[in-house]
Amino acid sequence: IFNTIFLCNIDIWIKRITSWIKEKMLMKIEIKEKIDTLEIIKSCKQELRKTVTIIISTMILIYFIYIYKEPSMFLLFPIYVTPLAYIIFTILCQKYKYEVIFIDTKQIRFLSSYTEKNSKTSMTSFFKIENLKEIYVMEYHQLPPKKFFGITKYKNIPHYMIHFIFSGEEDYQCWGYKISIEEATRVVRRIEEFLEKQKNFKNEVKKWEI
C-alpha cells in the first residue's frame, strides 16, 4: 500500500512541476552585434534556477518520507533514485539550457550548457561561413509521450527551431529549442543582415585591393 501511495505522490508532484513550468516559462533572447561579430544568446536563467530548486527539494522530500517508512533503504534509495532524478532533470530542464550562436568573419559557433559560464566554454560545434547554404525556421511537434508515471495527456502545441544547412563535410545544425515563431524569425533576420554586411565589406576590400 505504501509503495502505491508513494508512486501516486510522485505522479502528482511531476504533474504539478510540469504545469508550473508551462505557466512560468519566460525565455530571453539577447543579440549582441559588433563590427565583425554577432552573438545570440537564448537563456531562461530564472526558470532554470527555479526548476532545479523544485526538483532537488522534491527528491529530498521523497527521500525523507521513504526513509521514514523504510529505514533499511537509507543507503540504497539514493542509488535507485539518482538515475530517475537525472531523467526528470533532463526532461524538465532541457528547454532552459543556454544556447549561444557566435558568428565572426570566418565561422559560426554553436554552444549550449545548463550554466551561463559554461555556455561560453562548453563543447562547441564549428562551421565555416563559406559553407553555409541556407537558414530557415521549421515548425515541429513533440511526439506524444508514452505512459510515464501515469502521464498520458498531450497537447499538440507547435514549437520552432532555426535550422542551418551547410555544404561539404559539414551539413546540419539546429538552434533555439522551443522558441516562438516571432523570436525565430527575428534571429534569422539579424543573422542574414549581419552576413550580408560582412559580404559587402569583403567586396569593398577587394575593390580597394584592385
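Read-outs throughout are calculated quantities, based only on the coordinates presented, and are distinct from any laboratory measurement. All figures in this text were calculated on a predicted structure; none of them were measured in a lab.
At a glance:
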| quantity | calculated |
| --- | --- |
| Gain in span if fully extended, Phe77 to Gln107, counting 0.36 nm per residue against the direct Cα distance | 6.0 nm |
| Lys178 long-range amide H proximity, modeled H, under 5 Å | Tyr160 |
| Listed pairs Lys32/Lys133; Lys45/Lys133; Lys42/Lys133 exceeding 29 Å between Cα atoms | Lys45/Lys133 |
